[in-house]
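The structure under discussion appears below in the form of structure tokens.
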Amino acid sequence: MMHARNVTGQAARGAAIAAALLSALPIGVQAQALRGRLDSRPAPQAQPAAPAQATPAAPRPMSESVAAVVNDEIISTYDLAQRMRLLIATSGVQPTQETLPQFQREALISLVDERIQFQELRRVEREQKFSIVATDEEVTEELAAMAQQNNMRPEAFLNQLRAQGINPDTLRQQVRAQMSWERWIRGRYGSRLRVGGDQVDATLARLQAASSRPQYQVSEVLIDAARVGGMEAATQGAAQLISQMQQGAPFPSVARQFSAAPTAAAGGDAGWISEGEMPPEVDAALAQMRPGQLSAPIPVRDGVYIIYLRDKRSGGGASLVNLKQAAVAIPQGASAADVEAARAKLESVRSSTQQGCQDLESAAGKVQGVVAGDLGEAEIDDLAPEFRAAAQSLEIGQLSAPIRTGVGLHVLAVCGKRAAGAAQLDRAAIENRLIGQQLNMVARRYMRDLRNSATIETRG
């Protein structure tokens, strides 16, 4: 049972935090995507509140008090203000009087979750006598990687945080929590999760069946209703984020900081999807959207989606084939004896090829005058007539009989076939994706149970 209550009499603290943030973060501050490369699309230029200084002002001093208590562990108003600054710097959402309450809510939820996670990790470490929490050295390495992704040296990266009034320890704590929790979830559940061959087969069959239907290249943000306090709060939060993205906040930065979907770390990039891969409510919205359009909030069973439709393509009956060939060059007027000699060479290659595409080139290299190579992928209907019939009739891995063209004799090997628009995923990629989805679901349930059993007091 969750023991959470709001302690009254502290309402002024939220206003104090907001005032401190607004005084130190002018409305025109540009977002920095610290968890990935800096987004190339700039945020809209806003009118500066005051002439820029060489070094932004430090945060306005304020008395530190209690913002929340999580199982007797305190989150201070300083912690909360710092996390809000970090969210503002990394999300691209402009700080205004209207958006600050959302930042404060998201920052507090994140801090509460991290306290719960660290408490759980320490309990496990005590019981099982091994280390889980990321060390200072590991966190430093991760920050150096972030700096490198932003084409910066680590010290310059941290100085940029300081210039925006953010103590680097705030980012270090967030990174430590993310690294440690992911390590624990993968260590505890990763080896237990199993994806059967039938699940992979079913996914492959679904992708193949979906190839004839429209496909969508999307980015997503999922606001987890259980995490933010219910569907109403999730819907309101989604609407505010949409408004900010319409004003220029980069979608990838918003997704990294606010999304509960597995794609958050990739900036919300879900790639190409077909009908049936997303909740029905999302499918219905996508069918009405145009490329470049941002959706309205889309309520689903456990939260609210924001979808950005990057591109759309029609399914169809076109078939793509991936080919290799072994060939002997023969001019069109060559003698019958020359043609037969070439045919004999190619038959020799065919008979010595045991694995189709995999060893065609090596087999051809052993026969003088035979050249082999990869023809790449093409639509069957676009192939030369001499090749088209073979490509249609052969199964993957099979080789054709020698085919005469105006330039020579050719043996074709079919290395792959797919419907136009169908995802090119091998079994290993599909299995990894299914395991990732299961891990995300397990982690969300785990956190829900920990929150429900925690005693959380918010004061503000």
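Is there a quick way to get the dipole size of the stretch 251-385? I mean about its Cα centre, with the Cβ of Lys and Arg at +1 and of Asp and Glu at -1; what is the value in debye to the nearest 20?
The calculated dipole for the stretch 251-385 is roughly 240 debye.
Using DSSP to call loops (not H, G, I, E or B), can you name the GluC sites (Glu not before Pro) in the stretch 361-460 whose Cβ has at most 12 other Cβ atoms within 10 angstrom?
Those that pass, being in a loop and sparsely packed, are GLU395.
State in Å² the accessible area per residue of the stretch 345-460; use a 1.4 Å probe, count heavy atoms of protein chains only, and round to the nearest integer.
52
Tell me, what ³J(HN,Hα) does each residue in the stretch 200-206 have, in order and in whole Hz, if you take phi through Karplus 6.51 cos²θ - 1.76 cosθ + 1.60 with θ = phi - 60° and put x for Gly and Pro?
The phi angles translate into 5, 4, 5, 5, 4, 5, 5 Hz.
Pairwise over distinct Cα atoms, reciprocal of the mean inverse distance: report the Kirkwood radius of the stretch 158-264 in Å, one decimal place.
Taking every pair of different Cα atoms in the stretch 158-264, averaging 1/r and inverting gives 17.8 Å.
Rounded, prolate or oblate for the stretch 110-209? Axes are the square roots of the Cα gyration tensor eigenvalues, ordered a ≥ b ≥ c, and the cut-off for rounded is a/c under 1.5.
Judged from the Cα gyration tensor, the stretch 110-209 comes out oblate (a/c at least 1.5, b/c at or above a/b).
Along the positive direction of the dipole of the stretch 202-350 (beta-carbon charges: Lys, Arg +1; Asp, Glu -1; about the Cα centre), which of GLN215, ILE306, SER259 reaches farthest?
So the residue we want is GLN215.
With a cut-off of at most 16 other beta carbons within 10 Å, and DSSP calling the residue loop, which trypsin sites (Lys or Arg not before Pro) in the stretch 123-152 qualify? Please list them.
Qualifying residues, ordered by number: LYS129.
Place a +1 charge on the Cβ of each Lys and Arg in the stretch 370-451 and a -1 charge on the Cβ of each Asp and Glu, then give the dipole magnitude about the Cα centre in debye, rounded to the nearest 20.
Using only the charged Cβ atoms, the result is roughly 680 debye.
Which ³J(HN,Hα) values in Hz, rounded to whole numbers, follow from the phi angles of the stretch 65-73 under the Karplus curve 6.51 cos²θ - 1.76 cosθ + 1.60, where θ = phi - 60° and Gly and Pro get x?
3J(HN,Hα) across the stretch 65-73, in whole Hz: 9, 8, 8, 7, 10, 10, 6, 6, 9.
From the phi of every residue in the stretch 222-235, what ³J(HN,Hα) in whole Hz does the Karplus formula 6.51 cos²θ - 1.76 cosθ + 1.60 yield, where θ is phi - 60° and glycine or proline is x?
So the J values, rounded to whole Hz, are 10, 8, 6, 4, 5, 7, 9, x, x, 5, 5, 5, 5, 5.
The values are calculated or read from the model by the stated rules, or taken from the named source; none is laboratory data. Since we're looking at a predicted model, the values are computed, not measured. So basically every Cβ, Gly included, is an ideal-geometry build from the backbone, and we count neighbours across all protein chains shown. What goes into the accessible areas is simple: the full protein's heavy atoms, side chains included, and nothing from ligands, DNA or RNA. Shrake-Rupley method; radii C 1.70, N 1.55, O 1.52, S 1.80 Å.
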